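> Can you keep this structure in mind? I'll have questions shortly.
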Amino acid sequence: MTEMNNTTLKEELKDTPLLKQLHGANPYAVPDNYFEKLHEKVGNKLEEKPVVIRRISVSRLAARLAAAASVILFIGTAGWFYLQKSGQIQEDIYLTPEQISNSVYFDDLDLTFLKEEAASATDKNETDVIENYLLENDLTFLFE
Amino acid sequence: MPEPPDDQLLIEMFAVPEKRNQAFKLLMEKYQRRIYFHIRKMVIDHDDADDVTQNTFIKIYYGLENFRGESQLFTWMYRIATNESLVFLNAKKKRNSISIDESEISLPAHHDHDPLLSGDKMERKLLKAIDTLPDKQKLVFNMKYFDNLKYEEISEILGTSVGALKASFFHAVNKIEKILGED
């Protein structure tokens with residue numbers, strides 16, 4: 001690996017004779033026995049710097065979770081009210097079969113347009129279709 | 001001198017609490033010179049290099065347990081050393097720009113006064129020339145020229161493409177050669 005590396009580097013330095021000539025030198029020196037003592041110095045620092053493990057008691061953790069949940073609930077509720085007020089949330093209406101009865105369902109709806117459509121229908125067949133539909137579905141009270 | 005232990009063996013030893021300190025000592029013995037000189041070439045001053053080297057090994061100690069072997073151990077350690085050197089140099093630059101009256105000698109001038117430089121006149125000139133390079137270019141040059149690292153390894157350490165590293169080394173070499181050639 002080193003041989004191949006050196007060859008490559010030598011090739012790369014072929015146009016730079018001064019750098020090629022200086023290659024391999026390490027001009028830096030260290031104090032005597034520096035490397036013999038380095039492990040001890042690092043070891044001393046490691047002893048001075050114990051790893052701090054933060055322990056959180058269960059009750060404190062529960063209190064923190066409760067506080068976080070309260071904040072989320074408050075923001076969620078406020079956001080829901082805001083969006084609903086601004087009309088961005090449209091509730092889906094699900095009705096039970098009992099609710100879908102004439103009395104419950106149609107009392108709240110303006111279906112006079114059906115009467116008008118039936119009255120204004122020029123085509124006899126079209127009128128018949130509407131009348132049949134109303135009869136079949138027990139909606140004749142609309143004509144009353 | 002006995003052959004230094006294999007990296008994988010050191011990692012496995014380190015994972016055993018009773019053998020951790022011994023493994024770390026062997027790891028330091030194996031790599032401390034390379035790490036120290038890599039840092040020294042960046043920060044220049046021995047005392048600064050000593051501080052940064054110690055911090056680097058402390059980070060290695062705390063990080064080794066989570067080392068997943070996705071890169072070679074020594075490139076991972078070089079990366080930590082490189083980051084620590086850059087953080088140190090940035091902090092030093094900030095300190096120097098804040099304290100205008102500071103009479104600290106500049107790094108190139110430092111080479112003329114450093115008793116821990118064993119190089120001759122030309123070698124000192126080389127170090128001064130290297131100091132004129134931007135930090136990243138200096139790193140690439142040092143790792144290639146002094147440490148004989150492959151571009152692929154430097155790429156792993158610096159997170160830069162091999163192509164960009166080659167270009168960076170080429171520019172650095174030309175700049176330095178030009179400075180060396182000046183009287």
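> So what's the angle, to the nearest 10 degrees on a 0 to 90 scale, between helix B:73-98 and the longest Cα principal axis of chain B?
40 degrees
> B:L9 to A:K85: FRET efficiency via 1/(1 + (r/R0)^6), r the Cβ-Cβ distance, R0 51 Å, to the nearest 0.05? Could you put the intermediate results ahead of the total?
Working: r = 68 Å, r/R0 = 1.33.
With R0 = 51 Å, the Cβ-Cβ based efficiency is 0.15.
> Just to be sure I follow the definition: excluding the sites themselves, where is the longest run in chain B that has none of the GluC sites (Glu not before Pro) in a DSSP loop with at most 13 other Cβ atoms within 10 Å?
Values: sites that count: B:E65, B:E70, B:E102, B:E104, B:E182.
Longest stretch, sites excluded: B:105-181.
> How much FRET efficiency would the formula 1/(1 + (r/R0)^6) give for B:N96 and A:A63, where r is the Cβ-Cβ distance and R0 is 45 Å, rounded to 0.05?
On the way: r = 48 Å, r/R0 = 1.06.
My answer for the efficiency is 0.40.
> List the trypsin sites (Lys or Arg not before Pro) within the stretch B:1-74 that fall in a DSSP loop (any state other than H, G, I, E or B) and whose Cβ has at most 11 other Cβ atoms within 10 Å.
On the way: sites: B:K19, B:R20, B:K25, B:K30, B:R33, B:R34, B:R40, B:K41, B:K59, B:R68; in loops: B:R68.
Taking the stretch B:1-74 and a limit of 11 other Cβ atoms within 10 Å, the loop trypsin sites (Lys or Arg not before Pro) found are B:R68.
> Any of B:K30/B:K92; A:K41/B:K121; A:K14/B:K175; A:K41/B:K144 with alpha carbons more than 22 Å apart? Name them for me.
Working: B:K30/B:K92 29 Å; A:K41/B:K121 33 Å; A:K14/B:K175 15 Å; A:K41/B:K144 30 Å.
Correct reply: B:K30/B:K92; A:K41/B:K121; A:K41/B:K144.
> Normalised by the residues of chain B, what does the relative contact order come to in percent, with Cα pairs under 8 Å and at least six apart? Can you show the working numbers first?
On the way: 132 pairs, mean separation 34.0, N = 183.
The normalised contact order for chain B reaches 19 percent.
> Then there is this: In percent, what relative contact order does the stretch B:1-104 have, based on Cα pairs under 8 Å that are 6 or more apart in sequence?
26 percent
> Now, a different point. If each of A:N137 and B:D120 carries a label point 7 Å out from its Cα toward its Cβ, how far apart are those two points in nm?
Computed distance between label sites A:N137 and B:D120 equals 10.6 nm.
Read-outs throughout are calculated quantities, based only on the coordinates presented, and are distinct from any laboratory measurement. These figures come from a predicted structure and were not determined experimentally. Cβ sites come from the backbone with ideal geometry, for glycine too, and all protein chains shown count toward neighbours.
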